[in-house]
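Chemist: Here's a structure for you.
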Amino acid sequence: MAEKLSAVKGMNDIAPPVSAHWEWLEDRLRSLMQRYGYRNVRTPIVEPTALFVRGLGEVTDIVEKEMYSFEDRLNGEQLTLRPENTAGVVRAALEHSMLYDGGKRLYYMGPMFRHERPQRGRYRQFHQFGAEALGFAGPDVDAELIVLACDLWAELGLSGIELEINSLGQPAERLAHRQALIAHLEAHADRLDEDAKRRLHSNPLRILDTKNPAMQDVVNAAPRLMDHLGAESLDHFNRLRALLDAQGIAYRINPRLVRGMDYYNLSVFEFVTTQLGSQGTVCAGGRYDGLFEQIGGKAAPAVGWALGMERILELLKEQGRLSEQPAPDAYAVVPDAAALPQAMALLRVLRQQGVSVLMHAGGAEGMGSMKSQFKKADASGARFALIFGADELAQGMVSLKPLRAPGTDGNPSAAVTAQSLQPLADPLAWCAILRSL
């Protein structure tokens, strides 16, 4: 026998019945985006490596340790499986001159790739849903995106998600803070771990995001970026806060919130929960007005967020909010293969009218017994069985049999409580019974 092959560790198959939960979540995300006026954009999974090195920053964890990069054997190009999609969306906007007629509100959905140790809610192939507003400079769009995320939590029935916000200011303000921060950290060099020492002069802001308990006192005593913000940056942040206050959105100002990519400026935010262990961030984003220039384009303002699909599904499961598995409206019981032509013709009409029907599939030895077919019909979760028996067909009829107790939510109504015959020649006259339940 050939060696059995398995999926790459941390890159998971998504199959029924779990895939139904993904479809349910995706449908709600698309619906909400449509109501907010965001339109879908789809970018390649593989991008030039330089896009992420220049866009995310050479000394970020993603670029230094986590990217799946390779050389194209055909032409020697340096390519990378996308570890995030904001840079790709901006690249696409530049390449196709999307902003020539004004700002664009866009959303994306798809797999991302990072080479890291798989754990709950954190995989090597993971899926993100993101919203990006390109070409809008005011804090009103920052607030819109935050409110949009809050509306999503409400629509999904999720609770216990808290909002943290901060401002990173502008480059000159960050430079002044950077100098003060380095001086503070150098004064406590004996307390820094190896990762912090490595970042001290290359990316000291990321040290503030450390999870090392031994460094928390040093980090908590560090100079605050907020104290170095100028009037314009503070005005942007205060206007954002006023808009959130007006909408009744609760938040906490977290002066240590910095985000992991170098392209952020001004507003940054995270939605966090304590219900997923160490992977507490479920949605995060902020403003990235400098990214267009970083990857070779004309300056343009932009803001966005991304959420982890796996983490949202984990949280839905944790809070008992996952949808029930979809079930067909009816299951077609076909006792004899000779009835298949008529059965398939009728089922096609029903499906064209929006009725979902699962047809029993026979085996090499025939269609199987009525008992076994009804057992499968019941297991399918269908509300009705359509019985294509020889006696019924001889009369030009199909037998309609309820499979669930009447009078309860999601089950056949009291109007159809017993097996009845319906005319085979006129399925439109009775398919409404199935479609309306």
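The values are calculated or read from the model by the stated rules, or taken from the named source; none is laboratory data. Fair warning: this is a prediction, and the values are worked out from it, not measured in the lab. With ideal geometry, Cβ positions are generated from the backbone for all residues, glycine too; neighbour counts draw on all protein chains shown. Only protein heavy atoms, including side chains, enter the accessible area calculation; ligands, DNA and RNA are left aside. Shrake-Rupley method; radii C 1.70, N 1.55, O 1.52, S 1.80 Å.
Chemist: Out of the range 349-367, which residues are without any contact (Cβ under 8 Å) to a residue 40 or more places away in the chain, exposed (fewer than 12 other Cβ atoms within 10 Å of the Cβ) and within 40 Å of the chain's Cα centre (by Cα)?
Modeler: Matches in the range 349-367: Gln352, Ala361, Gly363.
Chemist: From Leu99, Leu152, Leu158, which residue is part of a helix (DSSP H, G or I) and within 16 Å of the chain's Cα centre (by Cα)? Please lay out each step first, then the result.
Modeler: Values: Leu99 fails: within 16 Å of the chain's Cα centre (by Cα); Leu158 fails: part of a helix (DSSP H, G or I).
One residue alone meets the criteria, Leu152.
Chemist: Within the range 48-72, take every residue that is in contact with a strand residue (DSSP E or B) (Cβ under 6 Å, 6 or more places away or on another chain) and either of a type in the set (S, T, N, Q) or touching a residue at least 40 places away in the same chain (Cβ under 8 Å) (or both) and give me the one that is nearest to Ala92 (Cα to Cα).
Modeler: Here the answer is Thr49.
Chemist: Sticking with this one: Any residue that is out of contact with any helix residue (DSSP H, G or I) (no Cβ under 6 Å at 6 or more places or on another chain) and modelled with pLDDT under 90 - is there at least one of those in the range 23-39?
Modeler: no
Chemist: While we're on this one: Scan the range 333-371 residue by residue and report those that are among the polar types (S, T, N, Q) and closer than 15 Å to Gly389 by Cβ.
Modeler: Let us first name the residues in the range 333-371 that are among the polar types (S, T, N, Q), namely 342, 352-353, 356, 369.
Passing the criteria: Gln342, Ser369.
Chemist: Could you grab the pairs with beta carbons closer than 6 Å, sequence gap of 6+ or different chains, first residue in the range 210-227 and in a loop (DSSP other than H, G, I, E, B) and among the aliphatic types (A, V, I, L, M), second one modelled with pLDDT of 85 or more and surrounded by 13 or more Cβ atoms within 10 Å (Cβ to Cβ)?
Modeler: Ala222/Leu181; Ala222/His184
Chemist: Which one is most open to solvent (accessible area, probe 1.4 Å) among residues in the range 1-35 that are over 13 Å from Leu313 (Cα atoms), outside any loop (DSSP other than H, G, I, E, B) and among the basic types (Lys, Arg)?
Modeler: Let us first name the residues in the range 1-35 that are over 13 Å from Leu313 (Cα atoms), namely 1-13, 15-17, 27, 30-35.
Filter once more, keeping what is outside any loop (DSSP other than H, G, I, E, B): 27, 30-35.
With among the basic types (Lys, Arg) added as a condition, the list becomes 30, 35.
On the way: Arg30: 94, Arg35: 139 Å².
This residue is Arg35.
Chemist: Which pairs turn up if I take residues in the range 176-190 that are within 19 Å of Ala214 (Cα to Cα) and without any contact (Cβ under 8 Å) to a residue 40 or more places away in the chain and look for partners that are assigned to a helix (DSSP H, G or I) and open to solvent by less than 30 Å² (accessible area, probe 1.4 Å) with beta carbon separation below 6 Å, at least 6 apart in sequence or on another chain?
Modeler: Final answer for the pair search is Ile182/Pro204; His188/Val218.
Chemist: Need pairs with beta-carbon distance below 6 Å; first residue small (Gly, Ala, Ser) and modelled with pLDDT of 90 or more and within the range 368-386, second in a helix (DSSP H, G or I) and buried (at least 17 other Cβ atoms within 10 Å of the Cβ); sequence gap 6+ or separate chains.
Modeler: Ala385/Ala377
Chemist: Quick check: anything in the range 78-96 more than 18 Å from Trp305 (Cα to Cα), among the small types (Gly, Ala, Ser) and surrounded by fewer than 20 Cβ atoms within 10 Å (Cβ to Cβ)? Spell out the reasoning first.
Modeler: Going residue by residue through the range 78-96, those that are more than 18 Å from Trp305 (Cα to Cα) are 78-81, 94-96.
Cutting the leftovers down to among the small types (Gly, Ala, Ser) gives us none.
No, the range 78-96 has no match at all.
Chemist: So, of the residues in the range 228-246 that are assigned to a helix (DSSP H, G or I) and in contact with a strand residue (DSSP E or B) (Cβ under 7 Å, 6 or more places away or on another chain), which turns out to be surrounded by the most Cβ atoms within 10 Å (Cβ to Cβ)?
Modeler: As a first pass, look at the range 228-246 and keep what is assigned to a helix (DSSP H, G or I): 228, 231-246.
Okay, now just the ones that are also in contact with a strand residue (DSSP E or B) (Cβ under 7 Å, 6 or more places away or on another chain), so 233, 236-237, 240.
Working: Ser233: 22, His236: 22, Phe237: 22, Leu240: 24.
Among residues in the range 228-246 that are assigned to a helix (DSSP H, G or I) and in contact with a strand residue (DSSP E or B) (Cβ under 7 Å, 6 or more places away or on another chain), the one surrounded by the most Cβ atoms within 10 Å (Cβ to Cβ) is Leu240.
Chemist: Kindly indicate the residue of the range 327-348 that is in contact with a Ser or Thr (Cβ under 8 Å, 6 or more places away or on another chain) and assigned to a loop (DSSP other than H, G, I, E, B) and also surrounded by the fewest Cβ atoms within 10 Å (Cβ to Cβ) among those meeting that condition.
Modeler: Within the range 327-348, the subset in contact with a Ser or Thr (Cβ under 8 Å, 6 or more places away or on another chain) is 327-331.
Going one step further and asking which of them are assigned to a loop (DSSP other than H, G, I, E, B), we end up with 327-329.
On the way: Ala327: 16, Pro328: 18, Asp329: 21.
Result: Ala327.
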